[in-house]
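Here is the structure we will look at.
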Amino acid sequence: MKRFFFALTLLMLFSEFSFSQGIFATITGKVIDSKTKEPLTGVNIQIVGTYLGGTSGVDGTYTLKKIPLKIGTLRFTMIGYKSAQVADIALELGSIVSIPTVEMEAAAIDMNPIVVTASKQQQDLSVIPHSVSVLPEIELIDRTPLRLDNALESIAGVHFIENHINIRGSSGYTRGVGSRVLLVVDEVPMMNSDNNEINWNILPVMDIERIEVIKGTGSALYGSNALGGVVNVITKSPTEVGRVKVRTLNAVYTNPRYDEWQWTNRTLNYSRNDMSYSKSFGGLGINLALGYHRSTGYRTDNDFYRLNTSAKLIYSFPDASKLTFYGGYSYENRSEFIEWQDQHNPLLASPFYSGAKLRLNFYDTYLHYQRQINARMGFKIRASFISSLVGDQYNRSNDYFPAEGIGAETKFDWMPHHSHNITFGTEYKVDGGHSKYIGNHQGFSIAPYIQDQWQLHRNMTVTLGLRYDDYQVINSNYRENHLNPKFGINFTPYAGTIFRFSGGSGFRAASITERFIDFKYKLFAAVPNEDLKAETVWSFDLGLRQEITNNWWIDAAVFHNDYYNYIEPVEEILDDFSLQVQFQNVIRARIRGIEIATKGSWLQDHLGFQANFTYMDAKDLHTNKPLTYRPEILAFFVPSVKIDPVEVQAEYRYASRIDSVMLYSYDNRVAQKIWTFRAYLRLRPFTAILALNNAFNYAYVQLERNMREIRNVSLTFMYEF
């Protein structure tokens, strides 16, 4: 495998050598809004069939240098606008060609967004064989999220049990350990290195361009933890001129649903304040973000405060190569609500478990260098570091040490022929943990991968991919190897109609915590299982995306996932009535279902509607029982009415009653039915949002004996200057 990648690199360099000696021209032009005629800043310009391109500046102008004479089409894309093209461009040796001004039309609905997660490079959604959802910045901010997980549930098939993400039921709930969904920030993995879990607080809510969600296994490109899908958070690049954004959110909780649940006369509340700054200084661009979030909680043992900050620096060299540094830090101090006192006092913590507190510190950083060697070849080198420290409030220094992970990747993009788009590289990772409860352990992996996107015909694209992961626990005899292939096809028989199919295998190595945890707290104990095998999956997806009008699309998919050696926490009640948990391999599990999503805008964007529906059949095939914490039906819809500068919106989220849980299976459980109403006032650069969350004060639980958030009213102000 290593020899194959070495030979491929040599072949790529040799085949491109003569091309790199070619002769060039320069292209200039300007991009404006078709209605207002104002210049558009930050438009992405790409030369179709190459990796060359650029972006428009603050005055809408752009300059593309060293353009080969054989060129056909320029493509212009920008979030919130319909894509545009300029074809049949004629170039002469050493010439400077001025393209006529391009007018881009604003679009209420982005019908064919550019995504990067599916292939680790920019591509139209129309040629990707996977089910992909994109959450743009405007929708993210409009939902006034306190953290990103609050906004992701608007995506079809995405559901949270507490803060544990599920994509199409992949994860259930595993007590904060071993996510089957991989979180990446700008394509860089950002998982806790000891328990492979996601810290949502690390992400800068105000500085995100968009979020891409890949559904189904992504192991053929991303390896372990991408068993059930990938969430890629794409942060913003620095702006050309200075820009400051400020958001302040304040909210109060109303009384509980029933008078007897009232436990305090205080006004319970929460708030979040965010600020970001962006500016370019010559070749150096800077993005800075800061957020502070605090809450009294709506129940006892539920208060917290959180701080997060991030910085992104991009330096552009004269040869158009770029060096990017990103760093983030978050701190959280919180009380832990473990379970309620009883059903008559669900907002009071059980006295037996009360008083638990946690402090969390999390650092993440990456450095990557990317360079375009010529029109059809480029590379990126990346190094990353993650450190997390979790400890109790009073005895942290004796029990916990930082869990640290180091990662690196080399990636090449190569277009040997206009019909072949090849991505290949190698990823390296060292992760582990050190605490009183898991010992001191580390794992190491090396993984070469390759993917070829082959355009067989102008309306048919085939994708073939393969990744080989070699994983071992250091200073141990435990070692495993996984070869994960994938296949996909995308067919567009008519304009606006896209059929897609993808299939492939994936795996997830057990985290250090799952394998070695040895922990006891009162009547609860977790015991190690050093013989845990990696879990694997064969995942298949068949979908159709149809444009009904220029501002209305519908997407439907059928999915089928077969899991082997599925890792689940297995709980046992001992003779002394204590509870013992151990992570074990379930013989086999299957999750299959259907998913439908639609989004549209009518009457010149005065009326909008978004909806999705997911049905899942998730079973342990060994016991023929439902997998735990998986609702069978998920539904979400948002109608909206807009008469500038005012917009009103209603949001409804539904999750059917969970059939199977780990504990207290005889407790009453109900479906989740949550209404939220929002009103917007947009007077640019000022925005105000009034929200009534859980408007009907619906009472429900996701995790046993943990009442979810009661009704609250929030007021948000945002200002940009």
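Candidates Gly229, Tyr521, Val537 compared by Cα position along the dipole of the chain: farthest toward the positive end lies Gly229, with charges placed on Cβ.
When the convex hull of its Cα atoms is viewed from all sides, the stretch 531-637 shows a mean projected area of 9.8 nm². Counted over the chain with a bin width of 20 Å, the fraction of Cα pairs per bin, in whole percents, is 16, 53, 28, 3, 0. Electrostatic bookkeeping for Ser179 treats Lys and Arg as +1 and Asp and Glu as -1; over the other residues with beta carbon under 13 Å from its beta carbon, the sum is -3. Other residues lying with their Cβ under 10 Å from the Cβ of Arg272 contribute a combined charge of +3, Lys and Arg counting +1, Asp and Glu -1. Neighbour counts of other Cβ atoms within 10 Å put Asp555, Asp364 in the fewest-to-most order Asp555, Asp364. Residues whose amide H falls under 5 Å from that of Val97, counting only those 5 or more places apart or on a different chain, are Thr26, Ile27, Thr28, with hydrogens built in the peptide plane. Treating only the Cα positions of the stretch 665-721 as identical point scatterers, give the base-10 log of I(q)/I(0) from the Debye formula at each q in 0.13 Å⁻¹. Treating every Cα as an identical point scatterer, log10 I(q)/I(0) equals -0.48. For the pair Thr248 and Asp518, the difference between a 0.36 nm per residue extended length and the Cα-Cα distance amounts to 93.0 nm.
If you look at the Cα atoms of the stretch 622-721, you get an Rg and a Dmax of 18.2, 59 Å. When each of the peptides 421-432, 277-288 is scored by the mean number of other C-beta atoms lying within 10 Å of its residues, the order from highest to lowest reads 421-432, 277-288. 3J(HN,Hα) along the stretch 42-51, derived from phi through the Karplus expression 6.51 cos²θ - 1.76 cosθ + 1.60 where θ = phi - 60°, amounts to x, 5, 8, 10, 10, 7, 4, x, 9, 9 Hz, with x in place of Gly and Pro.
Going down the list Lys120/Lys533; Lys215/Lys429; Lys322/Lys429; Lys279/Lys642; Lys429/Lys533, which pairs span over 27 Å between their C-alpha atoms? Violating the 27 Å limit, Cα to Cα: Lys120/Lys533; Lys279/Lys642. For the chain, the longest principal axis of the Cα atoms and the long axis of helix 2-20 meet at an angle of about 30 degrees. Could you tell me which of rounded, prolate or oblate describes the stretch 158-274, using a ≥ b ≥ c as the square roots of the eigenvalues of the alpha-carbon gyration tensor, with rounded for a/c under 1.5 and, failing that, prolate when a/b is larger than b/c and oblate otherwise? Oblate.
Every read-out reported here was derived from the displayed coordinates using simple, explicitly stated rules and does not represent laboratory data. Predicted model only: the values in this text are computed from it and were never measured. FYI the Cβ positions are ideal-geometry reconstructions off the backbone, even for glycines, and counts take in every protein chain you see.
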